[in-house]
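Below is one structure, written out as structure tokens; the observations come after it.
The values are calculated or read from the model by the stated rules, or taken from the named source; none is laboratory data. Because the structure is predicted, anything quoted here is derived from the model rather than measured. Positions of Cβ are generated from backbone atoms using ideal geometry, with glycine treated the same way; all protein chains shown enter the neighbour counts. Ligands, DNA and RNA are stripped out before the accessible areas are found, and what is left, the full protein with its side chains, is counted by its heavy atoms. Shrake-Rupley method; radii C 1.70, N 1.55, O 1.52, S 1.80 Å.
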Amino acid sequence: MKKKYQNGFFIFGLLVLAIMVTQLSFEQVWQGLKHAGYWFFAVLALWGALYVLNTASWHLIIKGVCSQPADKDIPAKPVPFAWLYKVTISGFALNYATPGGLMGGEPYRVMELAPKIGTERASASVILYAMTHIFSHFWFWLVSAIVFFFVHPTNFILDILLATTVVFTSLGIWFFTAGYRKGLANRLMNILRHIPFVKKWAGPFVERHREQLDTIDRQIAALHRQNPYDFVGAVLLEFFCRVLSALEIFFILLVLMPSVNFVNCVLILAFTSLFANLLFFMPLQLGGREGGFLMSTTTLGISASAGIFVALIVRIRELIWTGIGLLLIKLNKKKN
């Protein structure tokens, strides 16, 4: 990636991160960290491991995409896992800090990966990974809604909410399954062509890059059809990453209640992330994440103060890993 683009990503992320930090009460943060104790370091280490699973999923997708013909003038080079791990962390850091999520990290990943495997392969692998990441969320929410129905008593309002969640997630799974079979690049760009303010850019872009978009869609469909094991493996890695990330809530709640139940932590994470993702336009999902924790913990019979404590520690962890990801952008070697 050119140095000026690298600096642009870094400065933008740093500015947004500084704004996020100013929204926190430093006294409250310090009290929360003292209360969490060594469990906070366990939470930080957990996400270092979870990013390994994210990287492994993306690495599988890159391997499958590179087996397809594209960018014939640019032979694919080996993609070191350690280097991809660094790019994965930086990409998520930019996504956390960017309103709309995928508008930050994905262009960065494409620009970093393109010199190694070509622009078309890089674009296809990044789109596929983003699809797989979101696809696993829909499965996680669907499974969690079904589990909740069987392990917790419900009432009429909860039944409606669970049924709505099942319908919503099932439609999401259907949409992404169709996208895997037929490709999604052209579909997404055609949607952008009808959005105000964006359509003036999207229309000419589609016309100029129609051939490349068609190639990317063929690669997406080919991976799903010709490399089913890589596809299934990537989805499972992302799904289990969602489940294991509930350990973060488990570790934090252990500070308050030693008898905490891991299944409840999975359900808290599922419904908090669902609520927060409905507010995708907010940087770091400010407010949405905290509100989701409050609603999900109180619904499961956990005190509101515990929900606030969990939200605070999770927010601090996100800010720290966002800062780490931004610093890793600057560790890139200078490229022509």
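Some observations on this one:
- Of all accessible heavy-atom area on the range 225-269, the percent that carbon and sulfur account for (1.4 Å): 71
- Listed peptides 157-167, 243-253, 265-275 by packing density, highest first (mean Cβ within 10 Å): 265-275, 243-253, 157-167
- Prolate/oblate/rounded label for the range 217-263 (Cα gyration tensor, a/c 1.5): prolate
- Extension reserve of the Glu207-Leu171 stretch, reckoned as 0.36 nm per residue once the Cα distance is removed: 10.0 nm
- For the range 100-166, the per residue solvent-accessible surface stands at 40 Å², with DNA, RNA and ligands left out and a 1.4 Å probe.
- Backbone HN-Hα couplings from phi across the range 169-177 [Karplus 6.51/-1.76/1.60, Hz, Gly and Pro as x]: 5, 5, 5, x, 4, 4, 4, 6, 4
- Entries of Lys34/Lys330; Lys77/Lys200; Lys116/Lys330; Lys116/Lys200 with Cα pairs more than 27 Å apart: Lys34/Lys330; Lys77/Lys200; Lys116/Lys200
- Sequentially through the range 115-130, phi angles give Karplus couplings (6.51, -1.76, 1.60; θ = phi - 60°) of x, 8, 10, x, 5, 5, 5, 4, 4, 5, 5, 5, 4, 5, 5, 4 Hz, Gly and Pro residues having no value and appearing as x.
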